[in-house]
Amino acid sequence: MNEPAGVTFSAPAKINLYLHVTGKRDDGYHLLDSLVAFAGINDTVAAQPATNLTLGVTGPFAPGLTVGPDNMVLRAARALAAAGVTSPGAALTLTKRLPPASGMGGGSADAAATLKALVRLWDLHVEPATLAELALGLGADVPVCLRGQAVFMGGIGDEMAAAPALPPAWLVLVNPGICLSTPEVFAARGGDFSAAARFDAIPADARELADILKARRNGLTPAAVSLAPVVGEVLSAIEQSEGGLLSRMTGSGATCFGLFSDADAAARAALSIGESHPGWWVKPASLEGDATRLPSLGR
Ligand code: C5P
């Protein structure tokens with residue numbers, strides 16, 4: 001008998017092109033309005049058939065990652081097994097290429113990729129609504145990562161509406177090598193709430209997209225900068241890059257992105273920022289409105 005083949009799914013970085021905090025619920029969760037897209041850079045989750053559930057972690061950010069029961073990959077696997085009424089046997093391998101706790105939704109993307117991989121491996125027939133609910137139970141950003149397409153995200157992350165097509169554009173992603181805790185950033189946020197700021201226009205090019213985004217912001221930036229002033233340095237390093245159209249933080253930080261019209265300008269900016277700040281994680285990547293077609297980078 002042939003050994004059933006394993007499966008590998010990509011877990012792309014999530015980018016909040018803008019993020020407005022529009023209110024707060026009684027349970028402490030914040031209401032958001034955000035345009036979420038993805039970057040052509042990812043973790044991967046591979047699943048092989050096995051009797052027991054195990055997780056191995058490789059990749060540049062494997063050291064320091066906890067593989068306890070709180071790990072998003074293991075939580076996703078257990079939750080799916082419970083929903084699918086199956087035993088959670090799988091040998092999982094997470095290749096961690098995105099810095100953890102960095103505003104790019106790495107843990108959420110890993111959880112979403114785990115759900116996709118195990119639905120396939122276990123041949124489960126789970127209703128999309130059940131899967132979406134399960135994803136939300138794992139974290140506010142997991143549903144959007146499961147969908148893998150640019151959306152306007154509302155509610156606490158559970159409401160999604162299709163976004164206009166995004167033009168070809170490139171990013172430079174910069175993380176100053178620190179972890180910021182999402183709850184701490186939300187807790188440090190002060191001041192008024194922002195209005196939702198969705199738009200219908202289809203930006204013709206990266207410059208038009210940048211102009212639209214400049215009228216919006218990431219409402220968590222002041223809080224992140226107050227907790228980690230280096231985020232301000234990251235933003236100004238990106239701002240000074242030649243050809244940069246926009247400099248902004250993603251999610252609750254500390255990763256920030258620069259937006260560029262072409263891949264060469266993004267690559268040059270990444271090189272220059274990396275040279276001046278050897279301790280920072282700096283990567284050029286494409287901006288992706290549809291991450292479901294991205295090939296997996298690395299295993
Ligand atoms: O759901 P997730 O684990 O991503 O959220 C982590 C924490 O971030 C929450 O416990 C909450 O403190 C904060 N949060 C929030 N509003 C959101 C998402 C997260 O206040 N919409």
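Remarks
- Verdict on Val73 being β-branched (Val, Ile, Thr), closer than 22 Å to Ala197 by Cα and touching a residue at least 40 places away in the same chain (Cβ under 8 Å): no
- The residues of region 178-199 that are at pLDDT 95 or above, closer than 22 Å to Pro222 by Cα and touching a Pro at 6+ places or on another chain (Cβ under 9 Å), listed by number, are Ala188, Arg189.
- Number of the exception - Ala81 against (1) out of contact with any Pro (no Cβ under 6 Å at 6 or more places or on another chain); (2) more than 13 Å from the ligand (Cβ to nearest atom): (1)
- Ala37 meets all of the listed conditions (1) within 16 Å of the ligand (Cβ to nearest atom); (2) modelled with pLDDT of 95 or more but one, namely (1).
- Some residue of region 106-117 being assigned to a helix (DSSP H, G or I), of a type in the set (Ser, Thr, Tyr) and surrounded by 24 or more Cβ atoms within 10 Å (Cβ to Cβ): yes
- Tabulated pairs, region 17-31, first near the ligand (Cβ under 9 Å from one of its atoms), second at pLDDT below 95 and not acidic (Asp, Glu), C-beta under 6 angstrom, 6+ apart or interchain: Tyr29/Ile156
- Identity of the residue in region 205-215, open to solvent by 40 Å² or more (accessible area, probe 1.4 Å) and touching a residue at least 40 places away in the same chain (Cβ under 8 Å), that ends up farthest from Ala195 (Cα to Cα): Asp205
- The requirement of being aliphatic (A, V, I, L, M), surrounded by fewer than 17 Cβ atoms within 10 Å (Cβ to Cβ) and at pLDDT 95 or above is satisfied by Ala161.
- Count of residues meeting criterion [under 18 Å from Gly191 (Cα atoms) and either assigned by TED's automatic domain parsing to the domain that holds Leu35 or open to solvent by less than 10 Å² (accessible area, probe 1.4 Å) (or both)] in region 220-248: 3
Rundown of residues vs (1) without any contact (Cβ under 8 Å) to a residue 12 or more places away in the chain; (2) in contact with a His (Cβ under 7 Å, 6 or more places away or on another chain); (3) open to solvent by 10 Å² or more (accessible area, probe 1.4 Å); (4) within 16 Å of the ligand (Cβ to nearest atom), yes/no style:
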| position | (1), (2), (3), (4) |
| --- | --- |
| Gln149 | no, no, yes, no |
| Gly157 | no, no, no, yes |
| Gly177 | no, no, yes, no |
| Ser181 | no, no, yes, yes |
| Phe186 | no, yes, yes, yes |
| Gly190 | no, no, yes, yes |
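- Filtering region 249-284 to residues that are hydrophobic (A, V, I, L, M, F, W, C), open to solvent by less than 10 Å² (accessible area, probe 1.4 Å), closer than 28 Å to Ser226 by Cβ and in a strand (DSSP E or B) leaves Met249, Cys256, Phe257, Leu259.
The values are calculated or read from the model by the stated rules, or taken from the named source; none is laboratory data. From a predicted model like this one, the values you see are computed outputs, not experimental measurements. With ideal geometry, Cβ positions are generated from the backbone for all residues, glycine too; neighbour counts draw on all protein chains shown. Surface areas here come from the heavy atoms of the whole protein model, side chains and all, with no ligands, DNA or RNA. Shrake-Rupley method; radii C 1.70, N 1.55, O 1.52, S 1.80 Å.
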